[in-house]
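Okay, so here's the structure we're looking at.
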Amino acid sequence: MNLIIARIMKERLHSTTFDLPVQELRRGYRSDVYFWREKVVLESHNLHPHVTMQVFQKNEAVVCGIDEAVAVLKVASGRYSDYDQAYKLFDKLIELKRMGRKVFLTDKKKYLQLEEEKMKVSQALDKLWVDGFSDLKIDALWDGDAISPYETAMHIHGDASLFAHLETIYLGILARRTRVATNVRRVVNAANGKTVLYFPARFDHWAVQGGDGYAAFVGGASGVSTDAQGEWWGAGASGTIPHALIASVGGSTVTSAKLFHETYPSADLIALVDFDNDCVNTSITCARELGDKLWGVRLDTSENLVDKSIFPEMGTFKPTGVNPKLVEKVRLALDKEGFKHVKIVVSGGFTPERIGMFESMGVPVDAYGVGSYLMQGSYDYTADIVLVEDEPMAKVGRKYSPNSRLQPFISTN
């Protein structure tokens, strides 16, 4: 569901949005082992303290990952009715996964047999699992909310033994999604309403794309570069022509643009114009050849290069990379020949500070493509038990911090 619609309707994202490894979460397979051992200790001694777990982080930020974190609590809070049997079944499940990876490319029949057996083992584990989520109460902020340092983002109330093993998981989710959403929001704010394209897929592991793309949307990004990044919020990928395509057709930017348009006639045609390190002339050549078909040009000059058009004016500004003077020259050249409809997209090392500088100077940019910056920084969350049986109980330096902005997490899914 679109996030804006979800907020208006006061609904959370459906728990099935997230591709969660349910059996692994329940078993503590992806948790720090000491949290799993905490759970087992409590259950082994029949200890079921009713606690309030308080979650916060220490920076000005844009909260993201709340719905995903609660989805983890939904599917994996609880206990096994028979731990010995569950351990055996889970070990078998992991071994079947290993075996399946080995034969996936070489023996499809065997692979399918293993997949069928995995399903049976997983179903057996489900029968041993006693759900505990219904016994928890959660109060939380919404994805997209601004948060202050040390402000409580979520309270989890209930039997500690039901969810002790999940602390690693929900804190990690919140930390990563908040980092992406906050970085994107800072870029969007700096861009003063200009389009911001989310382009960091190549700088991180492929497996994080779904949640990161959603976090980018929460932060305000207008587009993402992979279909996976848009899955959670119903968007498709968008992107320009890569340098590799230009090289593959003999180094001709115009040819690559023509072939791209013939293959994807409904996509916005944006020519990548720095291949020959001559953005002005390449932009004009593309505009002349493509006319109204050309939606825009993208400047991506390396920070170690000076574009040919800049050579005569060096000495009064930093000449390398995509700089204000280069953008201005491209805009002036396009306008002079009647191509005012052609937009300018810039990319390559852009940060909020650099975008802010471009905007303050009135540089004629229509869209910013931002990559590696969006993966930077740290927004670590902490979780503390602050109440036990509704009485204060916390490590020195921590205390219960109510937050009137928290809302009960109500979900029908």
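Before moving on, here are some points about what is shown:
- Scan the stretch 309-324 for residues that are of a type outside the set (A, V, I, L, M) and not in a helix (DSSP H, G or I) and the total you get is 8.
- The conditions of being small (Gly, Ala, Ser), loosely packed, with under 14 Cβ neighbours inside 10 Å and either over 30 Å from residue 178 (Cβ atoms) or touching a strand residue (DSSP E or B) at 6+ places or on another chain (Cβ under 7 Å) (or both) are met by residue 81.
- Complete set of residues in the stretch 279-295 that are within 15 Å of residue 256 (Cβ to Cβ) and among the acidic types (Asp, Glu): 289
- Exactly one residue out of 143, 139 is of a type in the set (D, E, K, R), assigned by TED's automatic domain parsing to the domain that holds residue 49 and closer than 30 Å to residue 358 by Cα, and it is 143.
- Condition met for residue 297 (in contact (Cβ under 8 Å) with a residue 12 or more places away in the chain and in contact with a strand residue (DSSP E or B) (Cβ under 6 Å, 6 or more places away or on another chain)): yes
- Search result, residues across the stretch 186-221 that are among the polar types (S, T, N, Q), in contact with a Ser or Thr (Cβ under 8 Å, 6 or more places away or on another chain) and surrounded by fewer than 18 Cβ atoms within 10 Å (Cβ to Cβ): 195
- Among the residues of the stretch 191-212, those identified as of a type outside the set (Lys, Arg) and under 18 Å from residue 240 (Cα atoms) are 195, 196, 197, 198, 199, 200, 201, 203.
- Which numbered condition residue 193 fails, given (1) modelled with pLDDT under 95; (2) part of a helix (DSSP H, G or I): (2)
- Some residue of the stretch 134-151 being surrounded by fewer than 22 Cβ atoms within 10 Å (Cβ to Cβ), among the basic types (Lys, Arg) and within 16 Å of residue 75 (Cα to Cα): yes
- Flag: residue 342 does not match the condition of being closer than 25 Å to residue 239 by Cβ and free of Cβ contacts under 8 Å to residues at least 40 places away in the same chain.
- In this structure, residue 231 does satisfy being over 27 Å from residue 56 (Cα atoms), part of a helix (DSSP H, G or I), touching a residue at least 12 places away in the same chain (Cβ under 8 Å) and not aromatic (Phe, Trp, Tyr).
- Any chance residue 43 is modelled with pLDDT of 95 or more, touching a Lys or Arg at 6+ places or on another chain (Cβ under 7 Å) and surrounded by fewer than 18 Cβ atoms within 10 Å (Cβ to Cβ): yes
- Out of 254, 297, 327, one residue alone is hydrophobic (A, V, I, L, M, F, W, C), closer than 24 Å to residue 225 by Cα and not in a helix (DSSP H, G or I). It is 297.
- Listing of strands (runs of 3 or more DSSP E) fully contained in the stretch 69-161 that carry 1 or more residues being at pLDDT 95 or above, within 30 Å of residue 217 (Cα to Cα) and not small (Gly, Ala, Ser): 137-140, 152-159
- Answer residue from the stretch 382-413, given it is in contact with a His (Cβ under 7 Å, 6 or more places away or on another chain) and more than 18 Å from residue 164 (Cα to Cα) and is surrounded by the fewest Cβ atoms within 10 Å (Cβ to Cβ) among those: 413
- Candidates 373, 379, filtered to the one that is aromatic (Phe, Trp, Tyr), in a helix (DSSP H, G or I) and crowded, with 19+ Cβ neighbours inside 10 Å: 373
- Contact map, the stretch 1-28: first residue within 14 Å of residue 67 (Cα to Cα), second residue part of a helix (DSSP H, G or I) and at pLDDT 90 or above, Cβ cut-off under 6 Å, separation 6 or more or different chains; pairs are 12/67; 13/67; 15/71; 15/74; 18/68; 18/71; 20/75.
- Taking the criterion of being surrounded by fewer than 14 Cβ atoms within 10 Å (Cβ to Cβ), over 22 Å from residue 23 (Cα atoms) and not polar (S, T, N, Q), the residues of the stretch 94-115 that qualify are 105, 107, 108, 109.
- Just one residue in the set 225, 256, 238 is assigned by TED's automatic domain parsing to the domain that holds residue 322, free of Cβ contacts under 8 Å to residues at least 24 places away in the same chain and under 32 Å from the mean Cα position of the chain (by Cα); that residue is 256.
- No other residue among 27, 7, 37 is among the charged types (D, E, K, R), surrounded by fewer than 21 Cβ atoms within 10 Å (Cβ to Cβ), at pLDDT 95 or above and assigned by TED's automatic domain parsing to the domain that holds residue 124 apart from 37.
- Residue match in the stretch 43-53 (condition: assigned to a helix (DSSP H, G or I) and among the charged types (D, E, K, R)): yes
The values are calculated or read from the model by the stated rules, or taken from the named source; none is laboratory data. Note that the structure is predicted; figures quoted are calculated from it, not measured. Every residue, glycine among them, receives a Cβ derived from its backbone with ideal geometry; neighbour counts consider all protein chains shown.
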